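Colleague: Pasting in a structure now, in structure tokens, and then I'll have a few things to ask.
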Amino acid sequence: MTPLPTAVAPQAPATANAFTQRFSSTPRGARLARRLALHQLDAWGVPYGSTASDTAAVLVAELAANAVTHGRVPGRDFELVVRLTGRTLRIEVSDTRGEHRPPSGAVTEPTPLAEEGRGLLLVAALADRWEVLDRRPVGKTVAAELELAG
């Protein structure tokens, strides 16, 4: 005897978009990463100049600048991945220098005359969540998530 089919409640389809690109580990590569990420977000319906777009611009800029400044290995690129799943925007920047990891947990404010250390403060303040992950076979990934207003 065959069992009767059970009713399944209809669900809204999950929309997922992804953009992946490698860039040279230079200030020019970091700037291009920010510009292309914003262009892609606009194509996905997050318009230029919106709060979400401006916040994503700062997140991409800071993570890419950190990859270029602290994660640079001569001859190696950094990678940007931007994913929009439903209303969650995830920005991942990977570099090949795994031994220089940002501090996990709460980021402390640098001394007033420090020349570095403010980038992750911005990431922590703007992102809803952020984390540092190991990258296989080598390196690290810093990911930040932003919940978009819906």
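Colleague: Pull up segment 109-150, narrow it to residues that are within 17 Å of ARG87 (Cβ to Cβ) and at pLDDT below 90, then point me to the one that is surrounded by the most Cβ atoms within 10 Å (Cβ to Cβ).
Modeller: Filtering segment 109-150 for residues that are within 17 Å of ARG87 (Cβ to Cβ) and at pLDDT below 90, the one surrounded by the most Cβ atoms within 10 Å (Cβ to Cβ) comes out as ALA149.
Colleague: Going by the conditions given, is ARG87 basic (Lys, Arg) and either surrounded by 14 or more Cβ atoms within 10 Å (Cβ to Cβ) or over 17 Å from ASP128 (Cα atoms) (or both)?
Modeller: no
Colleague: What number of residues within segment 75-93 are in a strand (DSSP E or B) and of a type in the set (Lys, Arg)?
Modeller: Final tally of qualifying residues: 2.
Colleague: Has segment 73-89 got at least one residue that is modelled with pLDDT under 90, under 22 Å from ARG31 (Cα atoms) and within 17 Å of the chain's Cα centre (by Cα)?
Modeller: There is no residue in segment 73-89 that is modelled with pLDDT under 90, under 22 Å from ARG31 (Cα atoms) and within 17 Å of the chain's Cα centre (by Cα).
Colleague: Could I ask something else about it? Considering only residues of segment 47-72 that are in a loop (DSSP other than H, G, I, E, B) and surrounded by 14 or more Cβ atoms within 10 Å (Cβ to Cβ), which is modelled with the highest pLDDT?
Modeller: Selected residue: SER50.
The values are calculated or read from the model by the stated rules, or taken from the named source; none is laboratory data. Just so you know, these numbers come straight off a predicted model, no measurement behind them. All Cβ positions, even for glycine, are placed from backbone atoms using ideal geometry, and neighbour counts span all protein chains on display.
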